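S.K.: I have a structure here, written as structure tokens, and I will follow up with some questions on it.
The values are calculated or read from the model by the stated rules, or taken from the named source; none is laboratory data. Model, not experiment: these values are computed from the prediction. Neighbour counts run over all protein chains shown; Cβ positions are idealised from the backbone, glycine included. For accessibility, only protein heavy atoms count, side chains too; no ligands or nucleic acids. Shrake-Rupley method; radii C 1.70, N 1.55, O 1.52, S 1.80 Å.
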Amino acid sequence: MTRADRLRGYYDRKRETMGVRARRAHQDGWVRALVAHAWRRAPGVRRRMEAAGLRPAAVRTLADLGRLPIMKKSVMPDLQRTDPPFGGFCAVPSTDLGWVFVSPGPIYEPFARRDWSPWRTETAAYAGGFRPGDIVVNTFLYHLTPAAHLFDRGLALLGCTVVPTGPGNVEVQVKTILDLGVTGYVGTPSFLIAILKHADEKGLGRFPLQVAQVGAEALPPSLRRAVETDHGILTRQGFGTADLGIIAYECREADGMHVMEDVVLEICDPETGAPLPAGETGEIVCTVNHRAYPMIRFGTGDLSVVTEAPCPCGRTAPRMLGWRGRVDEVTKVRGMFVYPRQADEIAAKFPAVTRWQVVVTRDGHQDGLEFHVELAPGASAEQVSGSMVEAIRDVMKLRGEIRVVAPGTIPPNAKKIDDRRKWD
Ligand SMILES: [Zn+2]
């Protein structure tokens with residue numbers, strides 16, 4: 001199968017290409033039904049709604065979702081301890097449960113037998129180039145957490161054959177791939193590299209892998225390029241969490257991840273929880289159409305940006321533009337959020353900068369933003385200062401100062417943003 005064949009078409013054209021109004025109506029419909037169902041069957045959801053003075057009739061459309069409080073992922077272990085085992089969030093009888101997954105926390109995630117693939121991993125796998133007949137090594141962990149199982153189901157629905165290798169044992173992975181003529185890979189990007197490196201070192205020649213779906217860690221553009229050009233493996237990524245399943249996936253354009261039709265993804269102010277307009281960075285808050293475990297306005301603690309710009313692939317869902325760090329790393333300076341990723345972006349423009357740290361200070365009632373930088377031998381402060389101040393203004397929308405410090409001043413494990421303000 002050619003790369004062009006793998007990049008063509010949709011798993012479900014009607015769903016993936018519906019117009020803005022049709023999508024809105026679809027989502028209004030399931031949000032309304034999900035909230036009513038959760039109110040009846042999930043006491044945990046009901047308690048939260050009652051505490052906010054809301055009844056199901058108050059949530060008729062997507063626009064009403066903002067009236068519900070955000071439920072932070074970090075409170076889930078406590079809620080489940082108080083009302084074991086699921087915190088009142090399981091909305092089906094225990095006799096309907098086929099699986100319970102266990103995430104760090106611990107957080108227990110129920111999974112109903114009837115929901116064969118509630119998170120539609122097949123949609124993501126198809127957009128990423130998987131096709132019926134592919135033989136796939138699934139290297140996600142099969143114990144405790146759900147990722148491997150989500151892909152098992154989605155790939156089976158797609159007509160692929162899964163080899164459940166799980167993670168680890170590069171030697172066995174490589175042999176399995178060669179012996180079975182495996183064409184697809186599912187797992188982390190770093191493990192894919194480990195497998196390819198091992199095969200290269202052994203001089204195994206042409207490797208049958210053609211397509212890879214990666215996740216669970218960042219996919220740097222350089223790594224994707226290496227896999228695609230050096231090994232000819234079409235590589236696309238998705239984003240998900242154990243609580244929500246896969247919520248977004250890349251298409252052939254590989255320029256942001258389309259949000260699933262059965263997910264409402266809001267980007268919210270990390271402090272107030274208010275939804276932010278497209279283009280602003282904030283916390284990913286999701287509502288997923290999963291009747292067994294209805295997560296409604298679930299705050300993931302992860303940061304991202306969403307664009308509503310049309311995508312040339314024809315899919316109409318908004319796109320999430322990559323992962324931008326964790327909420328607990330965010331700092332607010334003069335009313336603007338400052339993110340570690342923005343600092344990365346600025347520093348990356350200046351090859352002469354070898355180490356750096358953003359320091360936030362407070363003088364009287366005024367916040368100060370300083371970029372502390374160590375320079376490569378031979379580089380001068382004049383080379384970076386002016387244009388770096390400009391880069392800070394462009395990226396962070398803030399006025400900042402550059403302070404060149406002696407090599408070795410910034411410790412190797414320094415925080416990217418050091419907030420030195422005292423508030424007493
Ligand atoms: Zn697209």
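S.K.: Would you check which residues across region 1-30 are outside any helix (DSSP H, G or I) and among the charged types (D, E, K, R) and list them?
M.R.: Of everything in region 1-30, those that are outside any helix (DSSP H, G or I) and among the charged types (D, E, K, R) turn out to be 8, 12.
S.K.: Yes or no: residue 361 within 16 Å of the ligand (Cβ to nearest atom) and either surrounded by fewer than 18 Cβ atoms within 10 Å (Cβ to Cβ) or among the polar types (S, T, N, Q) (or both)?
M.R.: Against the criterion (within 16 Å of the ligand (Cβ to nearest atom) and either surrounded by fewer than 18 Cβ atoms within 10 Å (Cβ to Cβ) or among the polar types (S, T, N, Q) (or both)), residue 361 does not qualify.
S.K.: Which is under 30 Å from residue 251 (Cα atoms) and either assigned to a helix (DSSP H, G or I) or at pLDDT below 95 (or both), of 57, 38, 33?
M.R.: On the way: 57 fails: under 30 Å from residue 251 (Cα atoms); 38 fails: under 30 Å from residue 251 (Cα atoms).
When all the criteria are applied, what remains is 33.
S.K.: Any residue that is within 12 Å of the ligand (Cβ to nearest atom) and free of Cβ contacts under 8 Å to residues at least 60 places away in the same chain - is there at least one of those in region 327-340?
M.R.: No.
S.K.: Let me ask another. What residue, among those in region 380-406 that are modelled with pLDDT under 90 and over 23 Å from residue 341 (Cβ atoms), is most open to solvent (accessible area, probe 1.4 Å)?
M.R.: 382
S.K.: So residue 96 passes all but one of these: (1) more than 28 Å from residue 315 (Cβ to Cβ); (2) open to solvent by 70 Å² or more (accessible area, probe 1.4 Å). Which condition number does it fail?
M.R.: (2)
S.K.: Could you tell me whether region 302-324 includes any residue that is open to solvent by 70 Å² or more (accessible area, probe 1.4 Å), modelled with pLDDT under 95 and more than 16 Å from the ligand (Cβ to nearest atom)?
M.R.: Checked against the condition, which is being open to solvent by 70 Å² or more (accessible area, probe 1.4 Å), modelled with pLDDT under 95 and more than 16 Å from the ligand (Cβ to nearest atom), region 302-324 yields at least one hit.
S.K.: Oh, and also: I'm checking my understanding of the structure. Among residues of region 202-251 that are of a type in the set (D, E, K, R) and open to solvent by less than 30 Å² (accessible area, probe 1.4 Å), which one is farthest from the ligand (Cβ to nearest atom)?
M.R.: 243
S.K.: Across region 286-301, which residue is farthest from the ligand (Cβ to nearest atom) among those that are open to solvent by less than 10 Å² (accessible area, probe 1.4 Å) and among the hydrophobic types (A, V, I, L, M, F, W, C)?
M.R.: Among those residues, the one meeting the criterion is 292.
S.K.: Right, another one. Counting just the residues of region 251-291 that are polar (S, T, N, Q) and touching a residue at least 12 places away in the same chain (Cβ under 8 Å), which one comes out nearest to residue 339 (Cα to Cα)?
M.R.: The residue in question is 281.
S.K.: Follow-up. Report whether or not residue 262 is closer than 30 Å to residue 195 by Cα, away from the ligand (no atom under 16 Å from the Cβ) and not polar (S, T, N, Q).
M.R.: No, not satisfied.
S.K.: Among 352, 348, which is without any contact (Cβ under 8 Å) to a residue 60 or more places away in the chain, open to solvent by 60 Å² or more (accessible area, probe 1.4 Å), among the hydrophobic types (A, V, I, L, M, F, W, C) and out of contact with any Phe, Trp or Tyr (no Cβ under 7 Å at 6 or more places or on another chain)?
M.R.: That would be 348, the only listed residue that is without any contact (Cβ under 8 Å) to a residue 60 or more places away in the chain, open to solvent by 60 Å² or more (accessible area, probe 1.4 Å), among the hydrophobic types (A, V, I, L, M, F, W, C) and out of contact with any Phe, Trp or Tyr (no Cβ under 7 Å at 6 or more places or on another chain).
S.K.: Can you run down the residue pairs with Cβ atoms below 6 Å, 6 or more apart or on separate chains, where the first is in region 306-318 and in contact (Cβ under 8 Å) with a residue 24 or more places away in the chain and the partner is part of a strand (DSSP E or B) and within 9 Å of the ligand (Cβ to nearest atom)?
M.R.: 307/319; 315/258; 317/258
S.K.: Go through 91, 51 for me and flag whichever is of a type outside the set (S, T, N, Q), more than 19 Å from residue 241 (Cα to Cα) and exposed (fewer than 13 other Cβ atoms within 10 Å of the Cβ).
M.R.: Step by step, each of 91, 51 is checked, and only 51 is of a type outside the set (S, T, N, Q), more than 19 Å from residue 241 (Cα to Cα) and exposed (fewer than 13 other Cβ atoms within 10 Å of the Cβ).
S.K.: Do we find a residue being more than 16 Å from the chain's Cα centre (by Cα), open to solvent by 10 Å² or more (accessible area, probe 1.4 Å) and within 16 Å of the ligand (Cβ to nearest atom) anywhere in region 267-285?
M.R.: yes
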